[in-house]
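Single-structure report; data block below.
The values are calculated or read from the model by the stated rules, or taken from the named source; none is laboratory data. Computed from a prediction, not measured in an experiment: that's the story for all the values here. Here Cβ is always computed from backbone atoms with ideal geometry, including for glycine, and neighbour counts include all displayed protein chains. For accessibility, only protein heavy atoms count, side chains too; no ligands or nucleic acids. Shrake-Rupley method; radii C 1.70, N 1.55, O 1.52, S 1.80 Å.
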Amino acid sequence: QNYLDNFWPDLKAAHELFDSIVQARRERESESQENHGKEYPEHLPVEIMEAGIKSGRYVQGTLNVNKHRAQLEAFVRLQGFGSKDTG
């Protein structure tokens, strides 16, 4: 802000861009505080997930995504199963 004020006081577009960036950052920080620092909100509470895993309704595993073909290629490795039991 100081740089723009001191060296480019008449460059309105740069000031508007700076204000837009500051506002977007504030909104993101506000959302982060609402989500307790988590970038993405949880789909289900932890208690429900744990109960679902124990009852067999949900399975726990690791998602592996091909970094070169991320939109086309991924698989889930289930915990407690061999590498052939993936889908």
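At a glance:
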{"quantity": "The stretch 60-74, residues that are more than 28 Å from VAL46 (Cβ to Cβ), open to solvent by 70 Å² or more (accessible area, probe 1.4 Å) and not charged (D, E, K, R)", "calculated": "HIS68, GLN71, LEU72"}
{"quantity": "Failed criterion for HIS43 (all others in (1) farther than 23 Å from GLN1 by Cβ; (2) at pLDDT below 90; (3) surrounded by 10 or more Cβ atoms within 10 Å (Cβ to Cβ) hold)", "calculated": "(3)"}
